Amino acid sequence: MKHAIASHWLNFIDGAWVDGERALTVDNPATAEPVASIALAGIADAEHALEAARHCADSGWLSACRPAQRVQWLLRIAAEIRALTDEGAWVLCQENGKALRDARDEFVEAARYFEYYAGIADKVEGISVPLGNGYVDFTSYEPMGVSVQIVPWNFPVSICARSLAPALAAGNAVVVKSPELSPLGLCVLFRAIERAGLPRGAANLLCGLGSEVGAHLVSSQKTDQIVFTGSVPTGQAILAAAARWATPSVMELGGKSAAVVFPDADREQLLASVKSGIFFNAGQVCSAMSRLLVHRDIHDEIVAAVADMAGALESGAGEDDPDHTPLISHGQLERVQAMCHAAIAEGAEAVTGGDRQGERSGHFMQPTVFAGVRPQMKIAQEEVFGPVLAIIPFDTEEEAVEIANGTAFGLVAGVFTQDINRALRLTRRLRAGQVFVNEWYAGGIETPFGGVGLSGFGREKGQEALYSYVRTKNVAIRVRQD
Ligand code: NAD
């Protein structure tokens, strides 16, 4: 359903909505027309948010309250997100270009994160360590303090909730920096947080430039933890900044993930997985299936089937729920287009697509499938972050593993086979934080997610993620025996 969109949006600092001296225009990627403006936070706003979070963290409002109280807050946030889902999805679809159904799923997923972590916020239990007579020893988990969370534009609402929910569950105060290209959906998310009545300063939202506000937040001594989701170069710059105060960090970076397909793969399952794996959200997914390694015996058959499927995808504006939506910006379109042209120059064959959809005013890239790709080509080594699939043939299992593991990334990997022994062998040998068997994107908010190598470190999602937001403290006590 259509919703009216406010013409100007604000940042949320210390429990209040705050305007700025500067503003940023947010465009609709499907039309390149402006959707609204948002106050652009500056360094003073960043300091204001850090102080508010610091005060909240130090006053112990979140950390010292009974965990059962945090459970109630998280459940209230989830309920408020569900109540705002229709409106939030409309805003997110307009500013981001994504399909309305996917924007809606993001809000539902965001609510699920708060419900999930509400379920374990009162179960963060330490252990008792046996030291023999004369000692009592136990551990407790303490919140980090102020968690700074830098969010990318591809799934801003669900990625924000993914880190914010466990951070609040563990008793941290949070400063979120929203992405410049898609910040409005997060304002709707924070309206839900405002309505849930959290202590002031517990959750703050800033839309600022990465090179200015982002850089300030990650290099501040007031920041106790950095959670970054975004590109490798930005992650590297943030790690360098974090080194100054030895600030602990979680890095969720990019990927060049491969699905390995054997001749006994179920074709229907495979094609459905390729469709969502590389064309969902126009391929702007860190865990996209950007490489398809196909056994040579079925290579030509699979190339033809995938090309047919990709060529039949219908493009359109997100609100019409098409198969295929635009890229986020003109800059991103030019980048993806240039990578495709370079692939063709290197000898790859575009069996479908390979260029922008020139007849449209928005930032539409053709769904693209490359065959004849060699493992060392740029198109097989670098993250495209667009609807571009590179198909590479292999002859043996050994060779498939070598190609799959042959990039600097290691986010996800997949295996398509009916042979359980082969599947299990490969799950052990593939270098990735998670492996899908016979369904790309299997798993959910309950399953730990994170990378290896340049894909980053630390785990989000699942129970394990909660422990990214606490420090262990050990208490050792000498007990008099008389
Ligand atoms: P990006 O690195 O350009 O920006 C991410 C965020 O970092 C933005 O909010 C930006 O303003 C901020 N930023 C930029 N420079 C900064 C600096 N010096 N200090 C602090 N913050 C700074 O990434 P993007 O283009 O928004 O997102 C796409 C990338 O994100 C892709 O590489 C994708 O693979 C990755 N990604 C990873 C995951 C994951 O979970 N592993 C999820 C989504 C996206």
**Study point:** Residue-normalised accessible area of region 258-444, given per residue in Å² at a 1.4 Å probe
**Key:** 39
Revision key, fill the gap. In units of 2.2 N^0.38 Å, the Cα radius of gyration of region 148-275 is 1.27
Check your understanding: Picking from I238, G318, L198, whose Cα lies most toward the positive end of the charge dipole for the chain (charges on Cβ: Lys, Arg +1; Asp, Glu -1)?
Key -> L198
Exercise for review: Let me know the whole percent of all Cα-Cα pairs from the chain that are separated by more than 31 Å.
Suggested key: 45
Practice item. Compute the long axis of helix 43-59 from its Cα atoms, compare it with the longest principal axis of the Cα atoms of the chain, and write down the angle in degrees, 0 to 90, nearest 10. Key: 50
Exercise for review: Mind checking the full-extension length gain between D264 and R374? Use 0.36 nm per residue of separation minus the Cα-Cα distance, one decimal, nm.
Suggested key: 37.3 nm
Point to revise | Dimensions (Å) - region 86-142, Cα atoms, principal axes, largest first | key: 65, 17, 13
Check your understanding: To the nearest 20 debye, what charge dipole does the chain have about its Cα centre, counting +1 at the Cβ of each Lys and Arg and -1 at the Cβ of each Asp and Glu?
Key -> 1540
Practice item. Work out the charge dipole of the chain with +1 on the Cβ of Lys and Arg and -1 on the Cβ of Asp and Glu about the Cα centre, then indicate which of A79, V373, S220 is farthest towards its positive end. Key: S220
Check your understanding: Within the chain, what is the number of lysine pairs with alpha carbons under 22 Å apart, leaving out pairs fewer than eight places apart on the same chain?
Key -> 12
Revision key, fill the gap. If each part is reduced to its alpha-carbon centroid, region 315-340 and region 79-109 end up apart, in Å, by 19
Study note, to complete from the structure: The answer for the longest stretch of the chain without any exposed GluC sites (Glu not before Pro) (DSSP loop, at most 13 further Cβ atoms within 10 Å) is 126-313
Check your understanding: Over the Cα atoms of region 56-100, Rg to Rh with Kirkwood Rh, two decimal places?
Key -> 1.24
Point to revise | Between helix 420-429 and the chain: long-axis angle, C-alpha atoms, 0 to 90°, nearest 10 | key: 60
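May I ask you to give the percent of accessible area on the chain that is carbon plus sulfur, with a probe radius of 1.4 Å?
Reported share for carbon and sulfur atoms: 51 percent.
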Review point. If one takes the longest principal axis of the Cα atoms in the chain, at what angle in degrees, from 0 to 90 and to the nearest 10, does the Cα axis of helix 184-196 lie?
Key: 30
Review point. Taking Cα centroids, how far is region 169-212 from region 341-409 in Å?
Key: 36
Check your understanding: Once every DSSP H run of n ≥ 4 in the chain is given -39500 (n - 2.57) and the sum is divided by its residues, what mean residue ellipticity at 222 nm do you get, rounded to the nearest 500 deg cm²/dmol?
Key -> -11500 deg cm²/dmol
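For region 45-178, what is the accessible area per residue in Å² when the probe is 1.4 Å?
Numbers: 4590 Å² over 134 residues.
Ligands and nucleic acids excluded, the result is 34 Å² per residue.
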Check your understanding: Under the Kirkwood approximation for Rh and a Cα-based Rg, what ratio Rg/Rh is obtained for region 314-372?
Key -> 1.00
Check your understanding: R425 label point, 7 Å along Cα→Cβ, cut-off 16 Å on backbone N: hits in region 431-453?
Key -> 431
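The values are calculated or read from the model by the stated rules, or taken from the named source; none is laboratory data. Nothing here was measured: the structure is a model prediction, and the numbers come from that model. Neighbour counts are summed over all protein chains in view; Cβ atoms, including those assigned to glycine, are modelled from backbone coordinates with ideal geometry. The accessibility values were calculated without ligands, DNA or RNA, using every heavy atom of the protein model including side chains. Shrake-Rupley method; radii C 1.70, N 1.55, O 1.52, S 1.80 Å.
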